[in-house]
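Participant: Got a structure for you, questions after.
What follows is calculated from the coordinates using simple rules that are stated; it is not laboratory data. Source: prediction; values computed, not measured. Cβ sites come from the backbone with ideal geometry, for glycine too, and all protein chains shown count toward neighbours.
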Amino acid sequence: MTKDEWYKQLFEGLGNSKFRSGFHLKQKDIDYINEKGLDTIRRHAEDFIAKRIAPAKVLNDGKQTPMRGHPVFIAQHATATCCRECIRKWHKIRPGRELSKIQQEYLVDVIMVWIKREFDRYK
Ligand SMILES: [Zn+2]
């Protein structure tokens with residue numbers, strides 16, 4: 001499967017999930033992105049993934065990503081990059097070992113694709 005095919009399949013699946021597709025950015029999230037810029041938002045996503053998701057052992061996995069407070073948190077729930085169990089199920093990456101830089105970059109990419117789509121809906 002090519003990268004494009006995988007992303008298409010993934011986002012179709014997320015769109016078909018009642019839970020995942022229920023998450024959307026609100027006006028205040030859009031304002032925040034406008035204020036910070038997408039590059040900064042991406043750095044925040046990199047930071048959250050590195051600190052909360054990437055370690056081999058995550059304390060309270062499944063509860064480390066808040067439901068509000070930052071557009072990236074919303075995007076993580078919408079894209080099933082919120083915890084290692086969701087990442088196992090949706091992104092086929094095994095829990096229990098530290099995420100590689102490439103895996104982290106992939107998850108950040110997925111988050112940013114979702115954020116840009118939401119962002120474009122407000123234009
Ligand atoms: Zn999760």
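Participant: Quick one: is ARG68 of a type in the set (Lys, Arg), out of contact with any helix residue (DSSP H, G or I) (no Cβ under 6 Å at 6 or more places or on another chain) and within 21 Å of LYS101 (Cβ to Cβ)? Outline the logic, then answer.
Facilitator: Working: of a type in the set (Lys, Arg): yes; out of contact with any helix residue (DSSP H, G or I) (no Cβ under 6 Å at 6 or more places or on another chain): yes; within 21 Å of LYS101 (Cβ to Cβ): no.
Taking the combined requirement at face value, the residue does not satisfy it.
Participant: In addition: Looking at ASP120 and the list (1) more than 16 Å from the ligand (Cβ to nearest atom); (2) crowded, with 18+ Cβ neighbours inside 10 Å, which single condition is not satisfied?
Facilitator: (2)
Participant: Considering each residue of the stretch 24-43, count those that are more than 11 Å from VAL72 (Cβ to Cβ) and surrounded by 16 or more Cβ atoms within 10 Å (Cβ to Cβ), and give that number.
Facilitator: So the count comes out to 1.
Participant: Of all residues in the stretch 74-115 being of a type in the set (Gly, Ala, Ser) and under 15 Å from ALA54 (Cβ atoms), which is nearest to the ligand (Cβ to nearest atom)?
Facilitator: Looking only at the stretch 74-115, we keep the residues that are of a type in the set (Gly, Ala, Ser), and these are 75, 78, 80, 96, 100.
From what's left, under 15 Å from ALA54 (Cβ atoms): 96, 100.
Numbers: GLY96: 15, SER100: 20 Å.
My answer is GLY96.
Participant: Enumerate the pairs (first residue in the stretch 20-46 and at positive phi; second residue anywhere and surrounded by 11 or more Cβ atoms within 10 Å (Cβ to Cβ) and part of a helix (DSSP H, G or I)) with beta-carbon separation below 9 Å, excluding pairs fewer than 6 apart on the same chain, so at least 6 apart or on different chains.
Facilitator: none
Participant: Look through the stretch 75-123, keep the residues that are among the polar types (S, T, N, Q) and part of a loop (DSSP other than H, G, I, E, B), and return whichever of them is nearest to ALA56 (Cα to Cα).
Facilitator: Of the stretch 75-123, the ones among the polar types (S, T, N, Q) are 76, 79, 81, 100, 103-104.
Checking the rest, the ones that are also part of a loop (DSSP other than H, G, I, E, B) come to 79, 81, 100.
Working: THR79: 20, THR81: 15, SER100: 10 Å.
Within the stretch 75-123, the match that is nearest to ALA56 (Cα to Cα) is SER100.
Participant: Then there is this: Could you please give the count of residues in the stretch 44-54 that are more than 15 Å from the ligand (Cβ to nearest atom) and surrounded by 12 or more Cβ atoms within 10 Å (Cβ to Cβ)?
Facilitator: So in the stretch 44-54, the residues more than 15 Å from the ligand (Cβ to nearest atom) come out as 44-47, 50-51.
The next check asks that each one be surrounded by 12 or more Cβ atoms within 10 Å (Cβ to Cβ); those that pass are 44-47, 50.
So the count comes out to 5.
Participant: Return the total of residues in the stretch 84-108 being within 20 Å of ASN16 (Cα to Cα) and surrounded by fewer than 21 Cβ atoms within 10 Å (Cβ to Cβ).
Facilitator: So in the stretch 84-108, the residues within 20 Å of ASN16 (Cα to Cα) come out as 85-92, 107.
Restricting the remaining residues to those that are surrounded by fewer than 21 Cβ atoms within 10 Å (Cβ to Cβ) gives 85-86, 88-92.
Of the residues in that region, 7 qualify.
Participant: Report every pair of residues separated by at least 6 positions or lying on different chains whose Cβ atoms are under 9 Å apart, first residue within the stretch 82-97 and without any contact (Cβ under 8 Å) to a residue 40 or more places away in the chain and under 21 Å from LYS3 (Cα atoms), second charged (D, E, K, R) and within 9 Å of the ligand (Cβ to nearest atom).
Facilitator: If the second residue must be charged (D, E, K, R) and within 9 Å of the ligand (Cβ to nearest atom), the pairs left are ILE93/ARG84; ARG94/ARG84.
Participant: Right, something else. Restricting the search to the stretch 64-73, which residues are outside any helix (DSSP H, G or I) and either near the ligand (Cβ under 9 Å from one of its atoms) or crowded, with 19+ Cβ neighbours inside 10 Å (or both)?
Facilitator: Selection gives GLN64, THR65.
Participant: While we're looking at this one, here's another question. Please enumerate the residues belonging to the stretch 82-116 that are farther than 19 Å from ARG68 by Cα, aromatic (Phe, Trp, Tyr) and within 10 Å of the chain's Cα centre (by Cα).
Facilitator: Result: TYR106, single match.
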